[in-house]
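Encoded as structure tokens, the structure appears first; notes follow it.
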Amino acid sequence: MANITLTCPQCGGQVDFDDSREFGFCVFCGTKMIVKDEVVNNTYNVTQHITKNIYGGGGGEKDTGELITDGEKLLELEQSKKANAVFKKAIDAEPTNWCAWFGYARSGGDIDARGYTNTVPAFKSAYKLAGEEGKEEIFSFMQKSSAPDVLRCATTLRPDDWQSFLKLGDIQEAYNVADAKGKDVIFQHCLQVCNWAIGDRPPVDRDRSWVRLADAAPKIFPEEWRFWFVKFRHSLAVVTDLLSNAKREVSEQYGGKSATSFAGGWKLATEEIKALDIVVKKYLPECQSYCEKAFMFADKTGRVQLLNYVKDFIESEQGIKDKYERKETYGRIVKPVINHLKKVKLI
């Protein structure tokens, strides 16, 4: 979004408009003015002017600085492919110009025949050639990117860049390289994700930020009960999937029929129980451990929240969509966890 200055056809006044608008009114005489058509025409004229001057008909070859300026104008007009070609021409003219490499990276870098882009080599070249001020500009741009390859490149250029590690979801590495202020920011970030997860209860196995949090945060902040709670809930989601898969695999061995759909169903039921018991035996201890630690570190309010969750698991855990699966998990995992908590006198 940018501003465009138009001349009123009625009074000749110069009026600024937001270029995302369809139309506007002159502030001097009130005449209605069409904005969108002017933006389209202006974009076309600027693009044509730049193209003409680069590829012939504009009065001679342009120097590197002029090419970079033209490339930046094309980027502003969202003409990234044309900008890419202009920045490449600037690089060919002056291979050590970091601004040309920076523009080339921002416009897509190396683009193959299928249209896939690779910006990392161009960012690295720009960073290597730039002075201190240029390096800061390049690095600041890379940190704001949402592209994983660009963020990983930022961490190779500056291994202490905890912000990029955090955006990549590598909480442990971010914490390892962060200073004291950064560590506090990471803790607050983890709490924010945790509180959202606990409150809204999205499907844990489908939300990567929750999965990464469940894996890393309890190791880094072992005395924060909410992180153990998230890890416990994530484990329940994983176990629910494993229980469901175990039943399905046994059923498929019997032609996909349920335990009560044909004579001799008791045999299928017996095989299902064996398969489910294997899952429970493997995962019940860790679920007990995670929930126990959550209760150990929780304050009074936290313990009430935890207790309400485990007791009302079948209705409260909306992250597991199938109610029948929730009942299965409750009977085989959650109920034994509750008994364990009673045994160790936490409830």
Practice problem: Work out the FRET efficiency for Lys342 and Asn176 from their Cβ-Cβ distance, taking R0 = 41 Å, and round it to the nearest 0.05. | Solution: 0.60
Exercise. Grab the other residues whose beta carbon is less than 15 angstrom from that of Phe297, score K and R as +1, D and E as -1, and report the net.
Key: +2
Self-check item: Proximal charge balance of Glu224 [Cβ under 12 Å; K/R count +1, D/E count -1]
Solution: +2
Quiz item: Around Phe141, with a cut-off of 12 angstrom between Cβ atoms, what is the net charge of the other residues, counting Lys and Arg +1 and Asp and Glu -1?
Solution: +1
Exercise. Can you tell me the FRET efficiency between Thr301 and Asp184 if r is taken as the Cβ-Cβ distance and R0 is 30 Å, rounded to the nearest 0.05?
Key: 0.85
Quiz item: Say the cut-off is 21 Å between C-alpha atoms; which of Lys181/Lys300; Lys231/Lys321; Lys135/Lys181 go over it?
Solution: Lys181/Lys300; Lys135/Lys181
Quiz item: Suppose R0 equals 41 Å; then what is the FRET efficiency for Glu78 and Gln192 from their Cβ-Cβ distance, rounded to the nearest 0.05?
Solution: 0.80
Exercise. May I ask you to order 286-292, 233-239, 182-188 by the average number of other C-beta atoms within 10 Å around their residues, highest value first?
Key: 233-239, 286-292, 182-188
Self-check item: Additional length obtainable on full extension of the chain from Trp266 to Glu223, 0.36 nm per residue less Cα span
Solution: 10.8 nm
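Throughout, read-outs are computed from the coordinates displayed, never taken from laboratory work. Just so you know, these numbers come straight off a predicted model, no measurement behind them. Virtual Cβ from ideal backbone geometry, glycine too; neighbours counted across all protein chains shown.
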